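See below for the structure under consideration.
The values are calculated or read from the model by the stated rules, or taken from the named source; none is laboratory data. On a predicted model such as this, the values are computed, not experimentally measured, just so you know. Quick reminder, even Gly has a Cβ in these numbers, built from the backbone with ideal geometry, and neighbours come from all protein chains shown. Keep in mind that these areas ignore ligands, DNA and RNA; they rest on the heavy atoms of the full protein, side chains included. Shrake-Rupley method; radii C 1.70, N 1.55, O 1.52, S 1.80 Å.
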There are 2 protein chains.
Amino acid sequence: MRLVECVPNFSEGRRAEVIDAVRAAIVSVDGVYLLDVSSDADHNRMVITFAGEPEIVGEAAFRAVEAAATLIDLEAHNGVHPRIGAADVVPFIPLRGVTMAECVALARRVGERIGRELALPVYLYEQAALHPERRNLAVVRRDPYEVLRTTIQTDTSRLPDFGPALLGKAGAVAVGAREPLIAFNAYLNTSDVQVAVEIARAVRESGGGLPYLKALGLLVNGMAQVSMNVIDFRKTSLFTILEAVKGEAARHGVIVAHTELVGLIPQSALIDAALSYLQLPPQTRDLILEKRLGEQTGDYHEVLFE
Amino acid sequence: MRLVECVPNFSEGRRAEVIDAVRAAIVSVDGVYLLDVSSDADHNRMVITFAGEPEIVGEAAFRAVEAAATLIDLEAHNGVHPRIGAADVVPFIPLRGVTMAECVALARRVGERIGRELALPVYLYEQAALHPERRNLAVVRRDPYEVLRTTIQTDTSRLPDFGPALLGKAGAVAVGAREPLIAFNAYLNTSDVQVAVEIARAVRESGGGLPYLKALGLLVNGMAQVSMNVIDFRKTSLFTILEAVKGEAARHGVIVAHTELVGLIPQSALIDAALSYLQLPPQTRDLILEKRLGEQTGDYHEVLFE
């Protein structure tokens, strides 16, 4: 079975009936595997993770955007997360037997359809971007909904790739294709947020640190937290990242108390971390009992990303 | 599918035709999944790993013992590994949907059949032992083949559980049931074997170290090696073990240069090591993408040992 994952973010994290309706729109498509629904009332935002054959995932994504655009009114929305629309971002991720080029094509087809059938402005981002600067999602979301309402008509850099250059109550949609992302947060044994801010600056790519790593320093429940997005764990591993964070923490006289993941993680990211920590050679992957067994039974599902 | 694993060791690691014949005896049983064949000419020994439904694995194990007993002559055998027979040890391991009690019963049935049909002395060991002292395989193999030839007739502690108290050229067979075992070796950046010997003594259970850990200090290719058997990785994890070895190594002013596995490893042992090293909470297991997907598709095969 070929598998694409979709992890859309919606600007609603409070009204259970809206969360349920968007979820129902997704699972109304036969062959969709619903993997996770996470809503956050503080941020008034939810993330749904699902997977399936490319066309099935594309259809489910379209129906979810349609439901969200009908039920979520950005004029009435509040929350601390930056957002441009009811269905804010819709990324497609290749999981198994699917290339990134196919996910790019899928994102563009779904984006075009959203613009045409739902009359929503659509911006293509990351690997699916038609404009190079839109490879960076932060550029696409530069103007939040309230600002974009005006600039979409006045600023040519805000012209959508599909749909009208006009913002209704459902806002706009960013549709993209990307590698699997890991949200990995490290909590420090200090309440001094400045320490987390400085560690984040030192380890992230934009500060000359590790490639494929974004990082911010935050204060969460009274603990300084280095909040990280791992853009490509096959290029920069969790092991490399945690070693770097520990090294910087030591310079500030603090330690990593514990860590957390937000959202799902590909199994191979954990296997990689284990092999690195244990100082085992990479070919040890071939000694995994379940992998050997799956080669015989034909149904091994570890290592989606070989 | 219910799954039992069997990892028999045979006293032949050189003659390809014998290795092939034993392998062929195993795969002659329909439904057997052959997972690994490892032979070692120096030790003149081989290990075959296979799995399947309990009765199928029992039948394949019997046929393998029969082939080995026909083709391997202990009178003509040399090698440095202690051994009592052509088919030296035959352990059954519960993998999925099978209890240890079922593996014990299977080991006893197969052992009884080997004694009766092949007229070989059989000792039941570990969880399958009928005599408490035989839970320790080292006790069963106290007398190597050349000594056992005599003691099996003169020493009541050597009386087999099944089969005749008489040793032919195929020797005796130890048949048992146990948890999955991990063979994990740590190489030190020194050629001083005494350092490995002392670290092994400090970390192993018999030296008052970590429970469920056996360890020896060896010199391998000019490097001091702490050679370890992890008897139950769910009780004493690879993370705990490597931290202990590193701590003892530091006391001797050396480091672990790299490690290796000998044979297969259950995936969950690596996942456990990753979560421990990364300081992630145990419930992070539930965030593994493939696990969520498998719950939907019904064919997830990670975590054989939940």
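Summary of values
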quantity: Using θ = phi - 60° and Karplus 6.51 cos²θ - 1.76 cosθ + 1.60, couplings along region A:49-64 (whole Hz; Gly, Pro as x); calculated: 10, 9, 8, x, 4, x, 5, 5, 5, x, 5, 5, 5, 4, 4, 5
quantity: Compactness of region A:118-210, expressed as Rg and Dmax over alpha-carbon positions, Å; calculated: 17.2, 50
quantity: Highest average packing first - A:98-105, A:42-49, A:83-90, Cβ atoms within 10 Å; calculated: A:83-90, A:42-49, A:98-105
quantity: Label spacing, shortest first and in nm, from B:Arg2 to its equivalents in the remaining copies (7 angstrom along Cα→Cβ); calculated: 4.0
quantity: Protein-only accessible surface order, largest first, of A:Lys169, A:Lys291, A:Lys246 at 1.4 Å; calculated: A:Lys169, A:Lys246, A:Lys291
quantity: Built amide H within the under 5 Å cut-off of A:Arg83, gap 5+; calculated: A:Tyr145
quantity: At least 50 Å² of accessible area lost relative to the chain alone, listed for region B:226-267 with a 1.4 Å probe; calculated: B:Thr259, B:Leu261, B:Leu264, B:Gln267
quantity: Chains B and A, summed buried accessible surface - 1.4 Å probe, Å², nearest 100; calculated: 4500 Å²
quantity: For B:Val220, label point 7 Å along C-beta direction: distances to other copies, nm; calculated: 4.0
quantity: Accessible area expressed per residue, region B:1-141, with surrounding protein chains retained (probe 1.4 Å, Å²); calculated: 38 Å²
quantity: Heavy-atom accessible area ranking, 1.4 Å probe, most first, across B:Asp30, B:Asp20; calculated: B:Asp30, B:Asp20
quantity: Spherically averaged projected area of region B:236-288 from its Cα convex hull (nm²); calculated: 4.6 nm²
quantity: Region B:159-249: translational diffusion in µm²/s, Stokes-Einstein, Kirkwood Rh over Cα pairs, 37 °C, 0.692 mPa s; calculated: 223 µm²/s
quantity: Pairs of Lys in chain B closer than 23 Å at Cα, counting only those 8 or more apart or on different chains; calculated: 4
quantity: Solvent-accessible area, 1.4 Å probe, carbon plus sulfur percent, for the protein assembly as shown; calculated: 52 percent
quantity: Relative compactness, chain A, computed as alpha-carbon Rg over 2.2 N^0.38 Å; calculated: 1.04
quantity: When the convex hull of its Cα atoms is projected in every direction, mean area for the protein assembly as shown (nm²); calculated: 30.5 nm²
